[in-house]
Amino acid sequence: MQRLYRYMVFTVAAVTATFTALAQEVEDSAAHSGSSQPITEQMIEQSVAKSVTNIEFETTRKEQRHSKQISDIRFRHNLNIGIGTPSLVNTALIRDGLVIGDAYEPWMPDNLSDEIHANRHYWGKEYVIYSINAEYLYTVKPWLSLGAKCNFGALWRNEYNGDTYDITGRQRSYNAAAIFNIHFGWLRRNVVELYSAIGVGLAARIERHDGIIVPMFDATFIGLSVGRRVYGFVELGGGISGVARAGIGVRFNTSKQQ
């Protein structure tokens, strides 16, 4: 409504100024030509039509320029990278809770010897990366993007002898996932966007010579990005990417789309 009001004011002012200038221009033209021919209605109509065309052209340019400033469609490609906090899904996967089969069930002592071994050994400090995400999106509509996300997680820890404190074992677990995403931008402003996303794919867990692949999902309940070409973002969601996520990204066009 404010933009429409500005355009109305601009048009009225421009037309008023144009009529004044036209009258002066026609009078000056007649004076320079030395002709006493009166100013005809046709002459005024031709001059007005020409000026109105120029006004419409300038107004259209202003509208296009303003539209370009608020529409993310000007950037077809989107790359971002971020990190995520633990979620039920990525925690269970990295700690062997989502895999299926006897070979992956939590180890339990079967006899007295195994129980003595378990009591004499313990796990040391662990180092965990729950979620590192890299995503590419292609903008189909101003509110719709399609893309893919890659996710990585890892866990490192050592097992120690309770008597000698020597290292008796090592655990190195790695997670990787590929997710195909649908991204919905439901509130878009000049540099701010609110959005949601949903995706499905596959996740793999690898530990030494063992591994397994399971179906995986990812969801962004609400996300906020701030910036135009280069931007930062925060998200709340669920799935392999974590509950809370944050990162940075860049939007761009190819040379043919500039």
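Here, each number is a calculation from the coordinates, and none is a lab measurement. Please read these numbers as outputs of a predicted model, since none were measured by experiment. Please note: Cβ atoms are built from the backbone with ideal geometry, for glycine as well, and neighbour counts cover all protein chains shown.
Report the calculated FRET efficiency for ASN158 and LEU236 (r = Cβ-Cβ distance, R0 = 35 Å), to the nearest 0.05.
Computed FRET efficiency for ASN158 and LEU236 comes out at 0.50.
Counting other C-beta atoms within 10 Å, and keeping those with at most 16, which DSSP coil trypsin sites (Lys or Arg not before Pro) do you find in region 154-221?
Details: sites: ARG157, ARG170, ARG172, ARG188, ARG189, ARG205, ARG208; in loops: ARG189, ARG208.
In loop regions of region 154-221 (DSSP not H, G, I, E or B), the sparsely surrounded trypsin sites (Lys or Arg not before Pro) are ARG189, ARG208.
Considering the zone a paramagnetic label at VAL250 would reach in this model (a point 7 Å from Cα along the Cα-to-Cβ line), which residues of region 197-240 have amide N under 16 Å from it?
So the set is 227-233.
With a Förster radius of 41 Å, plug the Cβ-Cβ distance of TRP123 and LEU224 into 1/(1 + (r/R0)^6) and report the FRET value to the nearest 0.05.
0.60
How high is the FRET efficiency from VAL191 to TRP143, r the C-beta distance, R0 25 Å, rounded to 0.05? The partial results should precede the final answer.
Details: r = 17 Å, r/R0 = 0.66.
So the FRET efficiency works out to roughly 0.90.
Just to be sure I understand the model, the point goes 7 Å from the Cα along the line to the Cβ. What's the resulting TYR136 to PHE75 distance in nm?
1.7 nm
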